[in-house]
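What follows is a set of notes on a single structure, which appears directly below.
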Amino acid sequence: MTVDSVSVDVVVVGLGALGSATAYQLAARGCSVVGLEQFALGHERGASHDSSRILRHSYHTPGYVRLTFDAYGDWADLEAAAGEALVTTVGGLDFFPPGAAIPPADYVESMSALAVPFEQLDTAQVRDRWPQFRLPDGTVTLYQERAAIVPAARATAAMQRLARRHGADLRDWCPATGLCDLADAGVEVMTPNGAIRARRVVLCTDAWANRLLGDLDATLPLTTTLEQVTYFAPPRPADFVPELMPLWIWMDDPSFYGFPCYGEQTVKAAEDCGGPAVDPDQRSFEPDAERLALLADFMAGFLPGSGAAVRSKTCLYTLTPDRDFALGAVPGHEAVLVGLGAAHGFKFAPTFGRLLADLATTGETGTDLSAFRLDRPALTEADVSLSWLV
Ligand SMILES: Cc1cc2nc3c(=O)[nH]c(=O)nc-3n(C[C@H](O)[C@H](O)[C@H](O)COP(=O)(O)OP(=O)(O)OC[C@H]3O[C@@H](n4cnc5c(N)ncnc54)[C@H](O)[C@@H]3O)c2cc1C
């Protein structure tokens, strides 16, 4: 069934962190918004569930470091709007072992360029301040005091609540099954309950992005991987509280990251980009024993007091070849916008929401998004080498 006129300003497809942030921002600006989610709100089949995500300034390019300032500001605005504390500052340690696959210079230069305060520490200095860690001699460590934890599922739910409070019509178990760009007549979004015509459509569908982009003949070279995080139970949890241990990232190949105790007496850790490529609708929810063993082996040497693994959870990464975001209009379809976080977007979710709302309402933002264009070479040229370790 088709509709013969525009019925809403914006349809947001996908209500994970990015889509929920966008629906909130648009509704708060007085737009009529319909948000579509194929599963239940708060489901655990995508990328925005579970307890914690890292928010940090330390990044490998000045462009990202600059954007992290927006992220911190947007999280503070979200906390104020939601009336809820969402950001837990714990400090962050970036560890670069000798011969690290990820060069510390990128981080040192990028943070220095934006005057982000940080400390560069050697192994002995780390041992004195954070005796929980065992590091190979010669490890370069960067400490940034503002690194923080944000709650994945709870923050996403807060943004959905705010979106509804401002009048957004969020519909779960309602997949967008097709997309048709009608130029001046708007964009038509097909659903099992009929079609919706909108001025703008924002796609925040992450692992499923190419399902609808295919309707516009605008698919992206994306890889979805099945990642898993594991919770370890330290015999002495008091040694792993945020006051005594920051969050951390091991900047090598394989790359690992982890958190102090957060809401429970466990420490969470995971490998970054270690999972197999999967189809989001065919993936398993069963943790992979081999990858658990790899992580547990690493933890036993690196954080020996972390104890035994008690549970693991799976989650999806959706990666561009250069691991930069996809943020902007679909080339040739200016009324259709995409927001894709390339498996490091949660910290920027409130910012994605604000920027996508800018683009959907005025067609422009005050932020340079050229690095994230959908027609950039990394997304349009063949045989682009993958650079996922950042
Ligand atoms: C294990 C793990 C750890 C991470 N750690 C960090 C971190 O520390 N810091 C950080 O910044 N980022 C981190 N990330 C990345 C971050 O979580 C993601 O970038 C972010 O959650 C992506 O949000 P999203 O809304 O785009 O995707 P999703 O949450 O997957 O949402 C997409 C939604 O679209 C829906 N959808 C798809 N197709 C349709 C359709 N046709 N109709 C209706 N609905 C549809 C899906 O059901 C889904 O709900 C991590 C990710 C994982 C998996």
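Results, tabulated for the structure shown:
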| item | result |
| --- | --- |
| Within the range 11-32, tally of residues that are within 8 Å of the ligand (Cβ to nearest atom) and either aromatic (Phe, Trp, Tyr) or part of a loop (DSSP other than H, G, I, E, B) (or both) | 3 |
| Enumerated strands (runs of 3 or more DSSP E) restricted to the range 304-361, each holding at least 2 residues that are modelled with pLDDT of 95 or more and not hydrophobic (A, V, I, L, M, F, W, C) | 308-319, 333-340 |
| Strands (runs of 3 or more DSSP E) lying entirely in the range 33-123 (those with 3 or more residues that are free of Cβ contacts under 8 Å to residues at least 60 places away in the same chain) | 119-121 |
| Wholly within the range 137-183, strands (runs of 3 or more DSSP E) carrying at least 2 residues that are over 17 Å from GLY194 (Cβ atoms) and within 14 Å of the ligand (Cβ to nearest atom) | 148-150 |
| Odd one out for VAL33 among (1) open to solvent by 10 Å² or more (accessible area, probe 1.4 Å); (2) within 24 Å of ALA168 (Cβ to Cβ) | (1) |
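Residue-wise test of (1) open to solvent by 10 Å² or more (accessible area, probe 1.4 Å); (2) within 16 Å of the ligand (Cβ to nearest atom).
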residue	(1), (2)
ALA296	yes, no
LEU303	no, no
CYS315	yes, yes
ASP324	yes, yes
ALA329	yes, no
GLY332	yes, no
GLY345	no, yes
ASP368	yes, no
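Residue-by-condition table, conditions (1) surrounded by fewer than 20 Cβ atoms within 10 Å (Cβ to Cβ); (2) modelled with pLDDT under 95; (3) over 25 Å from PHE372 (Cα atoms); (4) within 13 Å of the ligand (Cβ to nearest atom):
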| residue | (1), (2), (3), (4) |
| --- | --- |
| ASP50 | yes, no, yes, yes |
| HIS57 | no, no, no, yes |
| TRP75 | no, no, no, yes |
| ALA80 | yes, no, yes, no |
| GLY83 | yes, no, yes, no |
| GLY92 | no, no, yes, yes |
| ALA113 | yes, no, no, no |
| GLN125 | yes, no, yes, no |
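The values are calculated or read from the model by the stated rules, or taken from the named source; none is laboratory data. It should be emphasised that the depicted structure is a prediction, and the values quoted were computed from it without experimental measurement. As a convention, Cβ positions derive from the backbone with ideal geometry for all residues, glycine included, and neighbour counts pool all protein chains shown. Surface areas here come from the heavy atoms of the whole protein model, side chains and all, with no ligands, DNA or RNA. Shrake-Rupley method; radii C 1.70, N 1.55, O 1.52, S 1.80 Å.
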